[in-house]
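Chemist: First, the structure itself, so that you have it in front of you.
The values are calculated or read from the model by the stated rules, or taken from the named source; none is laboratory data. Bear in mind the structure is a predicted one, so any value in this text is a computation, not a measurement. A quick note on method: Cβ atoms are made from the backbone with ideal geometry, for glycine too, and the neighbour counts reach across all protein chains shown.
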Amino acid sequence: MKRLCVLPMCAIAILMMTSIANAGDYAWMRDFNIRAEANPSDFRARIEGRFKIGDLEIDAVFDTADEPADAYMLLRLGEMADESIEEVIEVYKVRKGHGWGNLAKSLGIKPGSREFHALKQGQDLYADEVSGKGKGNHKTKPKKKHK
């Protein structure tokens with residue numbers, strides 16, 4: 001009887017480890033959503049300026065996406081894959097729930113590529129959150145001039 005219990009416990013442990021490992025991927029999205037939802041008009045203006053799109057495209061993306069970070073990801077994936085937003089939305093509708101990595105892969109963004117890692121690490125819409133950490137003023141020391 002104890003042998004039967006071991007298999008389910010192993011399966012649960014593997015699922016928990018996978019969930020923990022994936023929790024770090026795209027972790028920046030939680031803070032991104034909070035910031036975007038706090039000022040929707042600013043978010044919309046940033047999306048428009050960053051991706052150089054108009055109201056129709058913005059509305060299509062916002063109508064499709066569940067969260068602000070999802071809208072950003074759809075636009076970013078389209079940009080990286082050099083696909084129209086309409087194409088990305090269609091793929092998203094089919095693959096929704098399979099994860100951003102799966103969606104990126106289906107759009108031709110190779111796992112392990114620079115682009116793929118950039119998606120996981122953060123966003124570039126809010127200048128003070130580029131690293132995905134989302135806190136603080138990231139001041140850098142001036143470079144020393146060499147004589």
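Chemist: Against the conditions (1) more than 21 Å from residue 115 (Cβ to Cβ); (2) under 17 Å from the mean Cα position of the chain (by Cα); (3) at pLDDT below 95, where does residue 36 fall short? Just the number, please.
Modeler: (3)
Chemist: When you scan region 51-69, how many residues do you find that are assigned to a helix (DSSP H, G or I) and either farther than 22 Å from residue 31 by Cα or in contact (Cβ under 8 Å) with a residue 24 or more places away in the chain (or both)?
Modeler: Step one: of region 51-69, the residues assigned to a helix (DSSP H, G or I) are 51, 55-64, 68-69.
From the residues that got through so far, the ones that are either farther than 22 Å from residue 31 by Cα or in contact (Cβ under 8 Å) with a residue 24 or more places away in the chain (or both) too are 51, 55-57, 59-61, 64, 68-69.
Result for region 51-69: 10.
Listed here are the residues, each with its yes/no results for (1) over 17 Å from residue 118 (Cα atoms); (2) in contact with an Asp or Glu (Cβ under 8 Å, 6 or more places away or on another chain); (3) crowded, with 19+ Cβ neighbours inside 10 Å; (4) modelled with pLDDT under 95.
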residue: 17; (1), (2), (3), (4): yes, no, no, yes
residue: 29; (1), (2), (3), (4): no, yes, yes, yes
residue: 62; (1), (2), (3), (4): yes, no, no, no
residue: 72; (1), (2), (3), (4): no, no, yes, no
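Chemist: Also: Determine, yes or no, whether residue 47 is surrounded by 15 or more Cβ atoms within 10 Å (Cβ to Cβ) and touching an Asp or Glu at 6+ places or on another chain (Cβ under 8 Å). If you could, list the steps in order and put the result at the bottom.
Modeler: On the way: surrounded by 15 or more Cβ atoms within 10 Å (Cβ to Cβ): yes; touching an Asp or Glu at 6+ places or on another chain (Cβ under 8 Å): no.
When the stated conditions are applied, residue 47 does not pass them.
Chemist: Scan region 34-50 for residues that are assigned to a helix (DSSP H, G or I), more than 15 Å from residue 75 (Cβ to Cβ) and not charged (D, E, K, R) and jot them down. Even if it seems obvious, please write down each step before you answer.
Modeler: Within region 34-50, the subset assigned to a helix (DSSP H, G or I) is 34-38, 40-50.
Retained after the next criterion (residues that are more than 15 Å from residue 75 (Cβ to Cβ)): 34-35, 37-38, 40-42.
Across region 34-50, the qualifying residues are 34, 38, 40, 41.
Chemist: From (1) surrounded by 19 or more Cβ atoms within 10 Å (Cβ to Cβ); (2) more than 24 Å from residue 113 (Cβ to Cβ), pick out the condition that doesn't hold for residue 77.
Modeler: Unmet condition: (2).
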